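The values are calculated or read from the model by the stated rules, or taken from the named source; none is laboratory data. The structure presented is a predicted model; accordingly, all values stated were derived computationally and were not measured. We place every Cβ from the backbone using ideal geometry, glycine too, and count neighbours over all the protein chains shown.
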Amino acid sequence: MPGVPRMGRDRPRHPDTRKGEDDMALEMRDRCERCETAALPADGPARICSYECTFCVPCGEAMRDVCPNCGGELVARPRRAAAS
């Protein structure tokens with residue numbers, strides 16, 4: 001379809017991604033979008049929706065795991081290993 005970017009096109013790639021390989025990494029946001037005070041390290045717990053809206057666990061629970069932006073489900077965000 002004209003005007004619609006194809007999968008993997010026009011997206012920045014992670015520096016470790018091999019040429020031609022799609023990069024589907026989540027944007028690991030470091031602050032809760034609701035309280036804006038909770039630090040969210042990449043290796044710590046957080047809640048995320050399918051649009052990558054990100055919240056700390058207490059805010060997620062207070063919102064009954066429903067994203068206030070899109071109405072979608074908030075689920076546990078995958079954790080990345082801490083850089084060594």
- Message: So, residue 46, is that one under 15 Å from residue 78 (Cα atoms), touching a strand residue (DSSP E or B) at 6+ places or on another chain (Cβ under 8 Å) and small (Gly, Ala, Ser) or not?
- Response: yes
- Item | Of all residues making up segment 42-62, the number that are in a loop (DSSP other than H, G, I, E, B) and either more than 13 Å from residue 32 (Cα to Cα) or free of Cβ contacts under 8 Å to residues at least 24 places away in the same chain (or both) | 4
- Of all residues in segment 37-61 being charged (D, E, K, R) and either surrounded by fewer than 21 Cβ atoms within 10 Å (Cβ to Cβ) or at pLDDT below 95 (or both), which is farthest from residue 81 (Cα to Cα)? 61
